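Below you'll find the structure, written out as structure tokens, and then a few comments.
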Amino acid sequence: MSFDTLGLTPELLRVVADEGYIEPTPVQRAAIPLVLAGRDLLAGAQTGTGKTAAFVLPMLQRLHATGGRDARGPAIHPDRRPVRALILAPTRELALQVEASVRTYGARRPIRSVVIYGGVGFEPQARALRAGPGIVVATPGRLLDHHAQGTIDLSRVEILVLDEADRMLDMGFIRDIRRILGLLPARRQNLLFSATFSGEIRALASSLPDRPATAD
Ligand code: AMP
């Protein structure tokens, strides 16, 4: 099976070809059409399965299809460019990796992205956020710090991804995650990626307004 049956635009198919990918992995095959259709998703995926492309590729396509604000260029003041997609990750390493993938998969039509995580200076991140990124990749605690300081507005997020959701819960982030969910607009697309489907993950998924499709 090749990538061109999944509904991706020719531009993103070229990106995939540039990366040397021949066939979609199972999680990509299951997730990409559902994400493109705007569905909420609970997907089972370990690291190394290609899960990052499974959400980044269709996310880029949806952001381009319904906005293209970045394409309108610098005439729009950064303060008016909203964060449209938020990706939460359990660790700095994963956040950095995911943001690198956003840049790679977005190379042919970049959307500004910023990565924020704890343990490093706050101000450079605040400055990067002021530049008006469309996509933010973050660890939960530092994201809440930025929200408390007023350096990020989450009220226009259209797509939320919880990457390695089970690890985030294992690391004790459930309260932070619930607080973050409360800061987002009720109408949004939710994508949960998790290596395991524990009761806690299912409870989190079932607390979402739309019943997520499962891709396993
Ligand atoms: P991930 O699970 O997202 O961390 O991806 C693991 C690795 O698989 C990364 O190095 C990707 O570049 C690579 N990858 C993702 N999708 C494919 C694919 N369809 N074919 C070959 N390699 C892929």
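Read-outs: derived from the displayed coordinates by stated rules, not from any lab. Computed from a predicted structure; not experimentally measured. So basically every Cβ, Gly included, is an ideal-geometry build from the backbone, and we count neighbours across all protein chains shown.
Return, ordered by residue number, the residues of region 20-53 whose backbone nitrogen is under 17 Å from a label point located 7 Å along Cα→Cβ of Asp4. Counting only backbone N, you get 20-24. Label-to-label distance, Arg103 versus Leu208, with points set 7 angstrom from Cα along the beta-carbon direction: 2.8 nm.
Its Cα centre serving as origin, region 17-162 has a Cβ charge dipole (Lys and Arg +1, Asp and Glu -1) of approximately 400 debye. For region 79-146, the pair-distance distribution built from all alpha carbon pairs, in bins 5 Å wide starting at 0, is 4, 18, 29, 28, 15, 5, 0 percent.
Each peptide in 155-162, 8-15, 197-204, 118-125 was scored by the mean count of other Cβ atoms within 10 Å over its residues; highest first, the order is 155-162, 8-15, 197-204, 118-125. One compactness figure for region 1-147 is 1.06, namely its Cα radius of gyration divided by 2.2 N^0.38 Å. With the highest mean first, a sort of the peptides 206-212, 106-112 on other beta-carbon atoms found within 10 angstrom per residue produces 106-112, 206-212.
Membrane-span-like helices of the chain, defined as complete DSSP H segments with a Cα extent of 18 Å or more along the helix axis and a mean Kyte hydropathy of at least 0.0, are identified as 51-65.
Packing-based ranking of 166-174, 51-59 yields 51-59, 166-174, ordered from highest to lowest mean Cβ neighbour count within 10 Å.
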